[in-house]
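Chemist: If you scroll down you'll find the structure; I have some questions about it.
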Amino acid sequence: MRPVFLAVALTLSACAGFAAAPSRPNILFILADDLGWGDLSCYGNQFLRTPNLDRLAAQGKLFTNFYVAASVCSPSRCGFFTSNYPARQRIHGHFATPELNTSRGMAQFLDPKVPNVAATLRAAGYATAHVGKWHLGNNSGGPSIADYGFDYVGAGEGSAGAGILAGDPYYRAKSTALFVDQSLEFIDRRGDKPFYLQLWTLVPHATLSPTPEQIAPFERFSSPGIPHKSARTLYYATVADLDTQVGRLLDELDKRGLAENTVVCFSSDNGPEEIFISNAGHSGVGSPGPFRGRKRSLYEGGVRVPFIVRWPAGIPAGRIDDTSVIGGVDFMPTVLKLAGVPAPAGWRPDGEDVSDILRGAPRARANPLMWEWRFNIAGHVNNRSPQLAIRDGDWKLLVNPDRTRAELYDLRRDPMQVDNVAAQHPEIVARLSDRVIAWAAELPPGSRDPGAGLNDYPWPGTTAPAAAPSGEAAKKKTKKKS
């Protein structure tokens, strides 16, 4: 699925003979919150221009088959940070109150003893920083963010500096600019060390409150004479400011002479928020592009997100990779390879090193990507996926742990996932079901919502459907009926 680049000139450079990259590059990882695959103009958005992220793509490489490790924030971030499927760390959903975490069979925070990219790079001589949203723990009696291997921790939800804009009604709207300021402060204070910097934004996660100045260019999306602004105005104003602040950071790297040997990665933690739920605030405008599913769903729109990487010293510019399937769990092994840093002792990543894909030609991945979601999916019934999913080549299978609701899609032919071809390919269904169900059986046990993995429509006045029986319970129920 090739995005449309509008007003972006892509200069293709030959890969053959590309100069070997210098060692120990800086790493800058910008992660947006709830940004959809189709929200940027370099991914085809025709209503909103994102010139700075378009420029980043034109100067680097854009991927159309990039997947996060989960369809919500905390487990997705765990996948990037540790290269572990998040359920291995008992992170099944977003970290919330201790009571809700416990009821979901979750840990209260990511164990800081689990090998992660920041601590590994710091041990190898990198200066490390986290600025912005954390959401890998509730920070209520848990470890501090610094305990995960960071020399510098800036402002953000779950960070010590979160109170800098406290009380400002436009805190979220101004937060990205603040995060860029603090990122530059860290870069300037780090000395002569290479740096690893995580800048994880709060936007465009709801609730959005852009400033009047941010809103002004998007007034046309609101109706005159109505006092409140439309969801489209608020969302586009927010994403446009995100683009502006990313551009400011890129410009500052240029001014400091750091752009050439800095690997800049840009992505999102999951797909866009659902339109049809009461707490979506103003974020239901986000676009999953042409894909079925949104945040929480295991269909493409919930887990397939933008991924752009630029490294002038090591990655050819102006490339679009429509072929390679890569994921958030590949981030840590890839970064370590680019930095020339050995893997930590005892580390068992679920991802793989894809640095050769970043620097060269597309290729098939060695192992499939897999997902699980144990809870109900809010919103339109069309987005309610089974509990497990696996992508292997062009095939994507979704299925419940008890093998019900097997859905098989050929994503090369059917990226929108509307034509279930499971009946035509029983051998592929069997092979992929065996693989993903065996993987799920290895994961820590935990509670599941009643009705998880079902797509029954909840008609008004009815209660949620009961969970489908599985395993031995299903066998006993069948015997009783017979």
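Chemist: Could you order the peptides 285-295, 48-58 from most to least packed, using the average number of other C-beta atoms within 10 Å per residue?
Modeler: Answer by packing, highest mean first, reads 285-295, 48-58.
Chemist: Kindly work out what percent of the DSSP beta bridges joining two residues of the chain are antiparallel, to the nearest 5.
Modeler: Counting DSSP beta bridges with both partners in the chain, the antiparallel share is about 45 percent.
Chemist: Under a Cβ-Cβ cut-off of 12 Å, what is the net charge of the residues other than LEU250 that fall near it, where Lys and Arg count +1 and Asp and Glu count -1?
Modeler: Once positives and negatives cancel, what remains is 0.
Chemist: Per-residue counts of other Cβ atoms within 10 Å, averaged by peptide: what ranking do you get for 224-236, 297-309, highest first?
Modeler: Those peptides, ordered most packed to least, come out 297-309, 224-236.
Chemist: Write down, largest first, the equivalent ellipsoid semi-axes of segment 188-333 in whole Å, where each equals the square root of 5 times an eigenvalue of the alpha-carbon gyration tensor.
Modeler: In descending order the semi-axes read 31, 22, 13 Å.
Chemist: Residues with amide H under 5 Å of LEU40's amide H, sequence separation 5 or more or different chain, H placed in the peptide plane at 1.01 Å from N; which?
Modeler: Distant-sequence amide H within range of LEU40: ASN45.
Chemist: Could you tell me the largest-minus-smallest coordinate of the C-alpha atoms of segment 305-406 on each of the three principal axes, in descending order and whole angstroms?
Modeler: Reported extents, whole Å, longest axis first: 47, 37, 23.
Chemist: Still on this model: Calculate the FRET efficiency for ARG189 and ALA361 from the Cβ-Cβ distance with a Förster distance of 45 Å, rounded to the nearest 0.05.
Modeler: 0.70
Chemist: OK, next. Quick one: 3J(HN,Hα) in Hz for segment 304-320, Karplus 6.51/-1.76/1.60 with θ = phi - 60°, rounded, Gly and Pro as x.
Modeler: Coupling constants for segment 304-320: 9, 9, x, 8, 10, 9, 10, 8, x, 6, x, 10, x, 8, x, 10, 10 Hz.
Chemist: Excluding GLY60 itself, what net charge comes from residues whose Cβ is under 13 Å from its Cβ, given Lys and Arg +1 and Asp and Glu -1?
Modeler: Summing Lys and Arg as +1 and Asp and Glu as -1 gives +2.
Chemist: Using the Karplus curve 6.51 cos²θ - 1.76 cosθ + 1.60 with θ = phi - 60°, what ³J(HN,Hα) values do you get for each residue of segment 388-394, in whole Hz, with x for Gly and Pro?
Modeler: 10, 8, 8, 10, 9, x, 8
Chemist: For the residue pair ASP414 and ALA123, what label-to-label distance in nm results when each label sits 7 Å from Cα along the Cα-to-beta-carbon direction?
Modeler: So the label points at ASP414 and ALA123 sit 4.6 nm apart.
Chemist: Which far-off residues, 5 or more places away or on another chain, put their amide H under 5 Å from the one on GLY327, with H placed in the peptide plane?
Modeler: TYR67
Chemist: On the Cα set of the chain, report Rg and Dmax in Å, please.
Modeler: According to the Cα coordinates of the chain, Rg and Dmax are 21.9, 76 Å.
Chemist: Sum up the charges of everything whose Cβ sits under 11 Å from the Cβ of LEU121, counting Lys and Arg as +1 and Asp and Glu as -1, but leave LEU121 out.
Modeler: +2
Chemist: First measure r as the distance between the Cβ atoms of ARG248 and ASP168, then evaluate 1/(1 + (r/R0)^6) with R0 = 22 Å and state the FRET efficiency to the nearest 0.05.
Modeler: 0.65
Chemist: Could I ask something else about it? What is the spin-label model distance, in nm, from ALA313 to ARG348 if the labels are put 7 Å beyond Cα along the C-beta direction?
Modeler: Rounded to a tenth, the inter-label distance reads 3.6 nm.
Read-outs: derived from the displayed coordinates by stated rules, not from any lab. Given the structure is predicted, the values throughout are model-derived calculations rather than measurements. FYI the Cβ positions are ideal-geometry reconstructions off the backbone, even for glycines, and counts take in every protein chain you see.
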